[in-house]
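What follows is a single structure, written as structure tokens, with notes after it.
The values are calculated or read from the model by the stated rules, or taken from the named source; none is laboratory data. As the structure is a computational prediction, the values presented were derived from the model and not from experiment. Ideal geometry is used to build each Cβ from the backbone, glycine not excepted, and the neighbour counts take in all protein chains shown. Note: areas computed on protein heavy atoms with side chains; ligands, DNA, RNA excluded. Shrake-Rupley method; radii C 1.70, N 1.55, O 1.52, S 1.80 Å.
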Amino acid sequence: KAGVTQTPRYLIKTRGQQVTLSCSPISGHRSVSWYQQTPGQGLQFLFEYFSETQRNKGNFPGRFSGRQFSNSRSEMNVSTLELGDSALYLCASGLASGANVLTFGAGSRLTVL
Amino acid sequence: DQQVKQNSPSLSVQEGRISILNCDYTNSMFDYFLWYKKYPAEGPTFLISISSIKDKNEDGRFTVFLNKSAKHLSLHIVPSQPGDSAVYFCAASAGTQGAQKLVFGQGTRLTINP
């Protein structure tokens, strides 16, 4: 069974640009959550999608957005990038909305210059 | 406001000894707790969990203890092995109707010395 796949694994952007990250959940998993990991902050919840609907949202500005497609694949977008957006962005899939045991992808490491 | 705290950024333990990782939380609505392990360049992997109706859950070398009155949980690894060297994240969730979200601690880097 393939795991959670995130693309791209690494990317470098400059301030003011926008970025789109992609996540393919485990086959059969319908819930996708996104987390941001920065040194000293641990993992911070961005949002969760289930059945193409955003079910929960963390405390991030509106520059952070996401969506989920009918095949459960998800994308997150960050617009007007700031230096502080440099982080590891992790996607996690779960069987159902609110699943506690999540399976994480390896992450997309974003560096903003 | 950090609702889940891991106050030790790092911990070093001799191989074969017991590793104890601690986690404190402030939200009394949390009713499910998990530990995840993360190796470099990989995503976190689920290790063990505990519901608030229990005070202990064991899985092989890993045991999680929950003290609800102190709002404290701990992960015991015994005996510790070199492959246990990783960053350990404590996480908690509050069950409500509909979506839940995991609140993670900052992580503790565990190093097992041979």
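A few remarks follow.
- Close Cβ contacts (under 8 Å, 6 or more residues apart or on different chains) running from residues in the range B:1-25 that are within 11 Å of B:Asn113 (Cβ to Cβ) and among the basic types (Lys, Arg) to residues that are surrounded by 12 or more Cβ atoms within 10 Å (Cβ to Cβ) and at pLDDT 95 or above comprise B:Arg17/B:Val78; B:Arg17/B:Pro79; B:Arg17/B:Ser80.
- Residues that are more than 24 Å from B:Lys71 (Cα to Cα) and in contact with a Pro (Cβ under 9 Å, 6 or more places away or on another chain) were ranked within the range B:8-37; the one that is least open to solvent (accessible area, probe 1.4 Å) is B:Gly16.
- Here A:Asn56 clears all of (1) open to solvent by 20 Å² or more (accessible area, probe 1.4 Å); (2) out of contact with any Asp or Glu (no Cβ under 6 Å at 6 or more places or on another chain) except the condition numbered (2).
- The criterion of being part of a strand (DSSP E or B), within 14 Å of chain B (Cβ to nearest Cβ) and either open to solvent by 20 Å² or more (accessible area, probe 1.4 Å) or out of contact with any Phe, Trp or Tyr (no Cβ under 7 Å at 6 or more places or on another chain) (or both) holds for A:Ser93.
- Boolean, B:Ile20 is in a strand (DSSP E or B), among the hydrophobic types (A, V, I, L, M, F, W, C) and within 30 Å of A:Ile26 (Cα to Cα): no
- Counting only strands (runs of 3 or more DSSP E) that fall entirely inside the range B:50-110 and contain at least 3 residues that are at pLDDT 95 or above and farther than 20 Å from A:Phe45 by Cβ, the qualifying elements are B:56-59, B:62-67, B:72-77.
- Listed conditions (1) in contact (Cβ under 8 Å) with a residue 60 or more places away in the chain; (2) open to solvent by 70 Å² or more (accessible area, probe 1.4 Å); (3) of a type in the set (A, V, I, L, M) are all met by B:Ile53, apart from (1).
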